[in-house]
Amino acid sequence: MSGTVTMYSTTWCGYCNRLKSQLDREGIGYTEINIEEDPASAAFVESVNNGNQTVPTVLVTPAG
């Protein structure tokens with residue numbers, strides 16, 4: 001896969017932990033951002049989820 005994968009998560013999110021395991025198992029690289037430690041990222045997550053801090057939120061950016 002070409003491009004980047006960014007996962008917005010929290011430490012307590014079971015779905016986030018499961019997704020990380022699946023990505024690791026498949027060898028898919030990703031950057032994880034904890035929205036509880038990054039207010040700007042929390043605001044981004046809210047902006048793409050109708051005002052909700054829904055995790056995991058995954059952003060896939062194609063290369064180029």
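Below is a table of values for the structure above.
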{"read-out": "Two-decimal log10 I(q)/I(0) for region 3-62, as the Debye equation yields it once each C-alpha is a single scatterer, q = 0.17, 0.21, 0.24 Å⁻¹", "value": "-0.52, -0.79, -0.99"}
{"read-out": "Helix axis angle, 14-26 relative to the chain longest principal axis, alpha carbon, degrees", "value": "20"}
{"read-out": "Percentage relative contact order, the chain, counting C-alpha pairs under 8 Å, at least six apart", "value": "52"}
{"read-out": "Thr57 long-range amide H proximity, modeled H, under 5 Å", "value": "Tyr8"}
{"read-out": "Residues with amide H under 5 Å from that of Glu36, placed H, sequence gap 5 or more", "value": "none"}
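Bear in mind these aren't lab numbers, they're just calculated from the coordinates by the rules spelled out. As the structure is a computational prediction, the values presented were derived from the model and not from experiment.
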